[in-house]
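Chemist: Encoded as structure tokens, here's the structure I'll be asking about.
The values are calculated or read from the model by the stated rules, or taken from the named source; none is laboratory data. These figures come from a predicted structure and were not determined experimentally. Heads up, the Cβs are rebuilt from the backbone with ideal geometry, glycines too, and the neighbour counts pull from every protein chain shown.
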Amino acid sequence: MTTSMERPASAHDLPLIETRQIGALRVHAIQAGRQRLDGGAMFGVVPKVLWQRKIAADERNRIELGMRCLLVEHADGLVLIDTGSGNKETPKFHDIYGIENAGAEGRTALEDGVRAAGFTPEDVSLVINTHLHFDHAGGNTWRDADGTIRPAFPRARYVVQRGEHGWATHPNERTVASYFPPNFAPLEAAGVLDLIDGDRVLRPGISVRRTPGHVPHHQSVVIDGGSERAIFLGDVMPTSHHVPLPWIMGYDVEPLVTLESKRALLTEAVADRWLLVFEHDAQVAWGRAAHDGKGFAFEPLG
């Protein structure tokens, strides 16, 4: 069963939070804001004549995207997967990337979502980053009124792949625009950042699975509630429109690796009826994949 709560009237019209039971685990899909990115970049080699049938572009050729995060109620402590874009960037930056993530009373939409689920940032015990791009890890830290940057979830450990941390701290000319040290360096300074290597069980029923391609050390998060399994996809399949194998972002640094990550993941997901959780889909939080005789296709719930 899924329930949703609406944002305050002053915010945009995407549902703030959608809640679902995944077996024994209760999860909350929190819409941590909206962003707009170039449609051509989002769909790579797929021609505009095809992708614009799925999602409309604005006058700057940008398409509407979400920044969905997943909050998991777990017996060992509250788990948050990805953190949106945070509160540290400038109005000019927000205009370029079409970011709208303000919450009520000076909070971010992510914090509003955590509170709407019945919790506070202090209740989060584990933060998992699929990777460290600004729209996935920007909310790791918070800028106070005096300019001080601190961990946004003060009692949490933060987890990311060691290789991804290496990419973030040693970017090249192509990747430097996506990695901002204030999103992760303060975590190192505070001693709360844990670097892991490869697939790993982090909590009973919560594990990470390497899904490289977007970046070489990207990870997705598997939620196993016993009677049902879900996977939070991150950027291996950012929206429901990216389920077909060739629909791969131009942003991916290794698109042919993404292709094989998708093939392996979707083969398993179709066979076992996994729930797919989409981070950047502005409208669709979750669904399933099916094989239509030619390839993989998105299958809406219900």
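Chemist: For VAL253, work out the one condition from (1) in contact with a Phe, Trp or Tyr (Cβ under 8 Å, 6 or more places away or on another chain); (2) hydrophobic (A, V, I, L, M, F, W, C); (3) in contact (Cβ under 8 Å) with a residue 60 or more places away in the chain it doesn't fulfil.
Modeler: Status for VAL253: all satisfied but (1).
Chemist: Residues in segment 209-220: is at least one among the small types (Gly, Ala, Ser), surrounded by fewer than 19 Cβ atoms within 10 Å (Cβ to Cβ) and not in a loop (DSSP other than H, G, I, E, B)?
Modeler: No, segment 209-220 has no match at all.
Chemist: Also, I was wondering about something else. Somewhere in segment 22-30, is a residue buried (at least 19 other Cβ atoms within 10 Å of the Cβ), modelled with pLDDT of 95 or more and part of a helix (DSSP H, G or I)?
Modeler: Restricting attention to segment 22-30, the residues satisfying the condition of being buried (at least 19 other Cβ atoms within 10 Å of the Cβ) are 22, 25, 27-30.
Checking the rest, the ones that are also modelled with pLDDT of 95 or more come to 22, 25, 27-30.
In the following step, the residues that additionally are part of a helix (DSSP H, G or I) were identified as none.
Within segment 22-30 (the criterion being buried (at least 19 other Cβ atoms within 10 Å of the Cβ), modelled with pLDDT of 95 or more and part of a helix (DSSP H, G or I)), the answer is no, since none of the residues qualifies.
Chemist: For the subset of segment 171-214 comprising residues that are among the hydroxyl-bearing types (Ser, Thr, Tyr) and touching a residue at least 24 places away in the same chain (Cβ under 8 Å), which member is farthest from GLY225 (Cα to Cα)?
Modeler: THR175
Chemist: Among (1) crowded, with 22+ Cβ neighbours inside 10 Å; (2) touching a strand residue (DSSP E or B) at 6+ places or on another chain (Cβ under 6 Å); (3) within 18 Å of VAL27 (Cβ to Cβ); (4) not basic (Lys, Arg), where does ILE99 come up short?
Modeler: Every listed condition holds for ILE99 apart from (3).
Chemist: Something else now. Quick one: which residue in ALA137, ALA230, ALA152, ALA168 is more than 25 Å from THR267 (Cβ to Cβ) and touching a residue at least 60 places away in the same chain (Cβ under 8 Å)?
Modeler: From the options ALA137, ALA230, ALA152, ALA168, the qualifying one is ALA152.
Chemist: I need the full set of residues from segment 157-179 which are over 18 Å from GLY234 (Cα atoms) and not in a helix (DSSP H, G or I), in order please.
Modeler: Matches in segment 157-179: ARG157, HIS170, PRO171, ASN172, GLU173, ARG174, VAL176, ALA177.
Chemist: While we're here: What pairs come out if I take residues in segment 24-39 that are without any contact (Cβ under 8 Å) to a residue 40 or more places away in the chain and pair them with residues that are crowded, with 24+ Cβ neighbours inside 10 Å whose C-beta lies under 8 Å away, six or more apart or interchain?
Modeler: Once the first residue is without any contact (Cβ under 8 Å) to a residue 40 or more places away in the chain and sits in segment 24-39, its partners that are crowded, with 24+ Cβ neighbours inside 10 Å give ASP38/ILE63; GLY39/ILE63.
Chemist: Of the conditions (1) assigned to a helix (DSSP H, G or I); (2) among the charged types (D, E, K, R); (3) surrounded by fewer than 21 Cβ atoms within 10 Å (Cβ to Cβ); (4) touching a Leu at 6+ places or on another chain (Cβ under 7 Å), LYS262 satisfies every one except a single condition; which number is it?
Modeler: It fails just one condition, (3).
Yes/no matrix, rows are residues, columns are (1) farther than 13 Å from THR130 by Cβ; (2) over 18 Å from the mean Cα position of the chain (by Cα):
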{"residue": "ARG229", "(1), (2)": "yes, no"}
{"residue": "VAL236", "(1), (2)": "no, no"}
{"residue": "VAL243", "(1), (2)": "yes, no"}
{"residue": "GLY250", "(1), (2)": "yes, no"}
{"residue": "LEU259", "(1), (2)": "yes, yes"}
{"residue": "LEU275", "(1), (2)": "yes, no"}
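Chemist: Determine, yes or no, whether SER125 is assigned to a loop (DSSP other than H, G, I, E, B), within 22 Å of PHE232 (Cβ to Cβ), under 19 Å from the mean Cα position of the chain (by Cα) and not β-branched (Val, Ile, Thr).
Modeler: No.
For (1) modelled with pLDDT of 95 or more; (2) under 20 Å from PHE153 (Cα atoms); (3) in a strand (DSSP E or B); (4) charged (D, E, K, R), each residue gets a yes or a no:
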{"site": "ARG7", "(1), (2), (3), (4)": "no, no, no, yes"}
{"site": "PRO15", "(1), (2), (3), (4)": "no, no, no, no"}
{"site": "GLU64", "(1), (2), (3), (4)": "yes, no, yes, yes"}
{"site": "LEU80", "(1), (2), (3), (4)": "yes, yes, yes, no"}
{"site": "GLY86", "(1), (2), (3), (4)": "yes, yes, no, no"}
{"site": "GLU105", "(1), (2), (3), (4)": "no, yes, no, yes"}
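Chemist: Checking the conditions here, which among TRP274, TRP247 is in contact (Cβ under 8 Å) with a residue 12 or more places away in the chain, over 22 Å from GLY39 (Cβ atoms) and among the aromatic types (Phe, Trp, Tyr)?
Modeler: TRP274
Chemist: Something else: Among (1) within 23 Å of SER220 (Cα to Cα); (2) in a loop (DSSP other than H, G, I, E, B), which single condition is GLY147 missing?
Modeler: (1)
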